[in-house]
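To keep things clear, I will list the structure first and then write my remarks on it.
The values are calculated or read from the model by the stated rules, or taken from the named source; none is laboratory data. This one's a predicted model, so the numbers in the text were calculated from it and none came from an experiment. Quick reminder, even Gly has a Cβ in these numbers, built from the backbone with ideal geometry, and neighbours come from all protein chains shown.
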Amino acid sequence: MSPESYINFDGKIVKNSKPIILADNRSFRYGDGCFETMKMLNGKIVLESYHFERLFKTVKAFQFNKTGFFISEKFKEEIVELAKRNHHKKAARIRVNVVRGSGGLYDCENNNPHYIIETWDLNAANNKFNENGLVTGIYRDAIKVADSFSHFKSNNYLCYVMAAFWAKEHKLNDAILLNPSGRIADATIANVFIVKDGIVKTPALSEGCIEGVMRKYLLDCLSNEGIPFAEAKITVDDIADASEVFFTNTIRGIRWVKEVGKTNYKHQLSSFFHKKFVMPLYI
């Protein structure tokens with residue numbers, strides 16, 4: 001029998017099996033909330049400042065009440081404590097979910113934020129560059145909205161859920177989603193980068209992509225190193241004409257894409273970026 005696991009609900013550690021929300025919870029009803037996924041190694045959160053900056057910016061944008069307990073040091077202590085309680089000593093995946101509480105669309109109980117912290121054991125293989133490239137495709141049945149909130153990690157993830165179902169059905173590792181203009185937004189769990197004409201490109205936030213932490217970190221690194229890059233409008237044709245395609249996210253760092261549709265790619269720059277910029281984060 002596996003040992004009992006625990007979660008943190010509003011600062012209190014409780015058994016994972018304990019019910020904590022009601023049927024009229026607004027996150028359950030409307031996707032009214034946000035979340036943050038983090039990676040912890042040996043008790044330290046990777047890119048900690050990036051994560052908490054994004055989380056608090058999202059909470060503010062979603063019009064939650066400002067509270068004194070929403071500070072990075074408090075969350076950091078509670079995350080570390082929960083990981084220890086769940087015996088995730090070396091590597092863990094962390095999820096912080098923030099929800100508004102109960103109520104209807106126009107009569108919410110209040111705007112106070114409630115939060116849930118979860119931890120899972122993480123395989124050390126997630127630190128390595130993927131030797132086998134990802135095989136992906138472009139999913140066209142759901143469109144990623146491009147508006148003032150599309151770059152936040154909200155609890156409304158339906159387009160990504162359906163894209164993930166499609167990818168699994170077609171035996172793909174991931175799927176790329178398009179925005180209303182038919183251009184590249186992002187993948188189901190990652191930001192998309194391409195290398196074309198010697199320039200590293202990724203969709204601009206205005207194109208509907210999530211403002212990924214690893215995306216932001218990599219762009220900062222490229223800027224500091226003077227490596228040409230652009231946040232741009234990327235078309236399906238641009239993907240087909242690229243010399244490299246790679247994905248970024250917090251858990252896996254950088255993963256090279258071997259195939260999108262019938263087009264194959266190399267991994268010269270993506271493997272170099274992973275070694276130069278991502279691996280030092282794990283030391």
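Taking the conditions exactly as written (touching a strand residue (DSSP E or B) at 6+ places or on another chain (Cβ under 8 Å), among the small types (Gly, Ala, Ser) and either at pLDDT 95 or above or crowded, with 18+ Cβ neighbours inside 10 Å (or both)), does ALA124 satisfy them or not? No: the conditions fail for ALA124. Among the residues of region 209-260, the ones that are polar (S, T, N, Q) and either modelled with pLDDT under 95 or under 23 Å from LYS128 (Cα atoms) (or both) come to 4 in all. Would you confirm whether or not region 61-69 contains a residue that is closer than 23 Å to ARG215 by Cα, touching a residue at least 60 places away in the same chain (Cβ under 8 Å) and surrounded by 12 or more Cβ atoms within 10 Å (Cβ to Cβ)? Yes. Within region 66-78, the set of residues being under 14 Å from ASP10 (Cβ atoms) and out of contact with any Leu (no Cβ under 9 Å at 6 or more places or on another chain) comprises THR67, GLY68, PHE69, LYS74, GLU78. Within region 127-139, can one find any residue that is in a helix (DSSP H, G or I), touching a residue at least 40 places away in the same chain (Cβ under 8 Å) and not assigned by TED's automatic domain parsing to the domain that holds ASN65? Yes, that holds for at least one residue. For ALA185, the conditions (1) in contact with a strand residue (DSSP E or B) (Cβ under 8 Å, 6 or more places away or on another chain); (2) surrounded by fewer than 22 Cβ atoms within 10 Å (Cβ to Cβ); (3) not polar (S, T, N, Q) are fulfilled apart from (2).
Among the residues of region 5-42, just one is surrounded by fewer than 14 Cβ atoms within 10 Å (Cβ to Cβ) and either under 27 Å from LEU281 (Cβ atoms) or assigned by TED's automatic domain parsing to the domain that holds SER154 (or both), namely ASN42.
Residue-by-condition table, conditions (1) at negative phi; (2) small (Gly, Ala, Ser); (3) surrounded by 15 or more Cβ atoms within 10 Å (Cβ to Cβ); (4) in contact with an Asp or Glu (Cβ under 7 Å, 6 or more places away or on another chain):
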site: MET214; (1), (2), (3), (4): yes, no, yes, no
site: ASN224; (1), (2), (3), (4): yes, no, no, no
site: ALA230; (1), (2), (3), (4): yes, yes, no, no
site: ILE234; (1), (2), (3), (4): yes, no, yes, no
site: ILE254; (1), (2), (3), (4): yes, no, yes, no
site: VAL257; (1), (2), (3), (4): yes, no, yes, no
site: THR263; (1), (2), (3), (4): yes, no, no, no
site: LEU269; (1), (2), (3), (4): yes, no, yes, yes
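Listed by position, the strands (runs of 3 or more DSSP E) inside region 1-50 whose residues that are of a type outside the set (Ser, Thr, Tyr), over 16 Å from ASN86 (Cβ atoms) and within 16 Å of the chain's Cα centre (by Cα) number at least 1 are 33-41. For HIS87, the conditions (1) outside the structural domain of ILE184 (by TED's automatic domain parsing); (2) outside any loop (DSSP other than H, G, I, E, B) are fulfilled apart from (2). If you go through region 196-212 and keep only what is surrounded by fewer than 22 Cβ atoms within 10 Å (Cβ to Cβ) and either over 21 Å from the mean Cα position of the chain (by Cα) or among the aliphatic types (A, V, I, L, M) (or both), you end up with LYS196, ASP197, GLY198, ILE199, VAL200, ALA204, LEU205. Inside region 236-249, residues that are within 26 Å of ARG93 (Cβ to Cβ) and surrounded by fewer than 24 Cβ atoms within 10 Å (Cβ to Cβ) make up a count of 1.
Taking helices (runs of 4 or more DSSP H) as the structural unit, those lying wholly within region 148-261 and holding at least 2 residues that are out of contact with any helix residue (DSSP H, G or I) (no Cβ under 7 Å at 6 or more places or on another chain) and touching a residue at least 60 places away in the same chain (Cβ under 8 Å) correspond to 236-241.
For GLU73, the stated conditions do not hold, so it cannot be described as closer than 24 Å to PHE149 by Cα and outside any loop (DSSP other than H, G, I, E, B).
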